Amino acid sequence: MSDRAQRLKQRTIVGGTIALATAALLFLAAGPGGPWFVLGVTAVLAHFCLGEVWTMGLVEDATERFVTRLGSALPFVLVGCLLGRFLDPHAASQAGRYTAMLLIVLGSAPLFAAIAMRLVDLFETGHSRKPGSVRRVTASVAWVAGPLAGLVLVTDMLGAGALVALMVLSKIGDTAGYYVGSMVGVRHPFPKLSPGKTWAGCVASLISATVMGGIFAATGLFPDATLGALSGLLAGATVNVAAQAGDLLESWTKRRAGVKDSGTRFGPSGGFLDLVDSLLLSVPVALLLWPALFVWPGI
């Protein structure tokens, strides 16, 4: 067996195992207490992803790591308060609650991290830190915490069906792009940033997600569409573009850190960041665009 075929086989085995595990998690997310389950899973994912950010050297010292840990925990704690009704979510409309949770998951963590690092830099004495500490910490927290916490918002406000659709649309392009690119891809649009990507793979990724979005809309996984069949196609296409951009963003980050993969926990599939990189931009895009493409109850 050639090296290329061996890599395909290994990726298929690992990918299939991860897909089965993800399906099991989605099944549990659709049950009673689904948002709480997703909250726990995503908080653990954020923990491991931050560990890989540290391993790559993107967050440099103990103070920065402490702030990233606190900042990344913040949206999960606040969303948990809303889920637990400690903030009386029925005092406002569902649309208002959605907006509040959207601001929490996308804005609270990086804002807290930026303020905390500014205070540390102002009052910490006797320690020389490299320039850019605020930028490094804020970017790391915004990259990981908000999007993963956003999956709780998807489950709680848009429903388990939306969570399934988002996960499938974010990852199906990875699969189609990898296999098509491996078999027929020749030209590489990002040779320095991501040498493995090909034009054929990128196009196959976009087409597969766009078609799948249309299928989800036609079969009722999405609610009533505001733009008819076009809503499903746009949902799939925009999520796919964001997912591919998320993959490229992680590739850029790894190149700056001088590593091939963020980790080795999943063999040829890399680490936790390598698995969730496509979600880290597709989740915010879905949270911002899907309410305009479909009629979600109460939003």
When all Cα-Cα pair distances of the range 167-299 are considered, the percent exceeding 20 Å is 47
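What ratio of Cα Rg to 2.2 N^0.38 Å holds for the range 168-214?
Rg over 2.2 N^0.38 Å, computed on Cα atoms: 1.09.
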With +1 at each Lys and Arg Cβ and -1 at each Asp and Glu Cβ, the charge dipole magnitude of the chain around its Cα centre, to the nearest 20 debye, comes out at 720
With 0.36 nm assigned to each residue of separation and the Cα-Cα distance removed, Phe66 to Ser93 gains 6.1 nm
For the pair Asp121 and Val44, the simple spin-label estimate (label points 7 Å beyond Cα toward Cβ) gives in nm 3.6
When the charge dipole of the range 92-251 is computed with +1 on Lys and Arg Cβ and -1 on Asp and Glu Cβ about the Cα centre, the Cα farthest towards its positive end, among Phe123, Thr198, Met157, belongs to Phe123
Once both label points are put 7 Å beyond Cα along the C-beta direction, the Leu230-Leu111 separation in nm becomes 3.4
Expressed as a percent, the accessible surface of the range 232-285 that is carbon or sulfur, using a 1.4 Å probe and the full set of protein chains, is 63
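So with the 1.4 Å probe, I'd like the accessible area per residue for the chain, rounded to whole Å².
With the other protein chains kept in place, the chain gives 48 Å² per residue.
Let's see if you can work this out: charge +1 on each Lys and Arg Cβ, -1 on each Asp and Glu Cβ, no other charges. What is the dipole magnitude of the range 169-299 about its Cα centre, in debye to the nearest 20?
Taking the Cα centre of the range 169-299 as origin, the dipole is about 480 debye.
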In the chain, whole DSSP H helices that both stretch 15 Å or further along their axis by alpha carbon positions and average at least 0.0 on the Kyte-Doolittle scale are 3-29, 34-55, 62-83, 109-123, 133-153, 160-184, 199-219, 229-257, 279-293
1/(1 + (r/R0)^6) with r = Cβ-Cβ of Ala21 and Val77, R0 = 35 Å, i.e. FRET efficiency to nearest 0.05, evaluates to 0.85
Amide H neighbours of Phe294 at under 5 Å, excluding residues fewer than 5 places away on the same chain, with H built from the backbone geometry, are Thr226
As straight-line cross-link partners of Lys254, the qualifying aspartates and glutamates (C-alpha separation under 13 Å, not fewer than 8 residues apart within one chain) are Glu52, Asp274, Asp277
Here the relative contact order (percent) of the range 176-279, from C-alpha pairs under 8 Å and at least 6 apart, is 20
Projected onto the charge dipole of the chain (unit charges on the beta-carbon of Lys, Arg, Asp and Glu, signs +1, +1, -1, -1), the Cα from Val38, Asn240, Phe76 with the largest positive-side position is that of Asn240
Here, Val203 and Arg265, labelled 7 Å along Cα→Cβ, have an inter-label distance in nm of 3.7
With +1 on the Cβ of every Lys and Arg and -1 on the Cβ of every Asp and Glu, the dipole magnitude of the range 127-243 about its Cα centre, in debye rounded to the nearest 20, is 800
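The values are calculated or read from the model by the stated rules, or taken from the named source; none is laboratory data. The shown structure was predicted, so the numbers you read here are calculated from the model rather than taken from an experiment. Cβ sites come from the backbone with ideal geometry, for glycine too, and all protein chains shown count toward neighbours. All accessible areas refer to the heavy atoms of the entire protein, side chains included, with ligands and DNA or RNA removed. Shrake-Rupley method; radii C 1.70, N 1.55, O 1.52, S 1.80 Å.
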